[in-house]
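Down below is the structure, laid out as structure tokens.
Where a number appears in this text, it was derived from the coordinates with a stated rule and is not lab data. Being a predicted model, the structure only gives us computed values, none of them experimental. Glycine gets a Cβ as well: all are built from the backbone with ideal geometry, and neighbour counts include every protein chain shown.
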Ligand code: 5GP
């Protein structure tokens, strides 16, 4: 998606550890118009799928997810990160290792909000090694909910996540795909310089 790639080129900062900082428009300050455009793109890509729910993970997935939900007229559910989930049988949970924080979080969704009749689109801001999406897929599995696919704003294609999701047999659509951060610059998949 050219709009997103242009914005990444303009405002993205490459940090050590293969981390892209996009605090200008996604991870701290949020550009609602850009988020709306992402939502429209996801809605368009998955329009045939009769989606009933968007599932994301707090916090940075919420902005693109909520715009997708707005356009598709479906609720947006976000998995919450909790330090300890003890003896609560009203939750679906999964362990997620955080790429940026280097910590393991338990993430949880209340059972009342996810059902076997749901057709879920998982949305997140970044895809790196796929741990966040994998956790959300596990949660959907526990609920016996159907997953129609995954929508990612920024995929770092040189990391393991994309392959992991496809291996699970799940459709993946990423709006910007990064091939490398060579020389601290962003090179997109299919770009002249990738
Ligand atoms: P994964 O679980 O796929 O390894 O990493 C995805 C999660 O880690 C995303 O939810 C996102 O919050 C965070 N993340 C991974 N890579 C980056 C990155 O390069 N930049 C930012 N800002 N967040 C990232």
> When the range 166-189 is examined, which residues are found to be part of a helix (DSSP H, G or I), within 14 Å of the ligand (Cβ to nearest atom) and either in contact with a helix residue (DSSP H, G or I) (Cβ under 6 Å, 6 or more places away or on another chain) or over 22 Å from residue 121 (Cβ atoms) (or both)?
Replying inline: 184
> Being outside any helix (DSSP H, G or I), touching a residue at least 60 places away in the same chain (Cβ under 8 Å) and surrounded by 15 or more Cβ atoms within 10 Å (Cβ to Cβ), is that true of even one residue in the range 28-37?
Replying inline: no
> Can you tell which of 129, 112, 134 is surrounded by fewer than 21 Cβ atoms within 10 Å (Cβ to Cβ), assigned to a helix (DSSP H, G or I) and either within 14 Å of the ligand (Cβ to nearest atom) or in contact (Cβ under 8 Å) with a residue 40 or more places away in the chain (or both)?
Replying inline: 134
> For the range 1-27, what are the residues that are surrounded by 15 or more Cβ atoms within 10 Å (Cβ to Cβ), in a strand (DSSP E or B) and more than 8 Å from the ligand (Cβ to nearest atom)?
Replying inline: 14
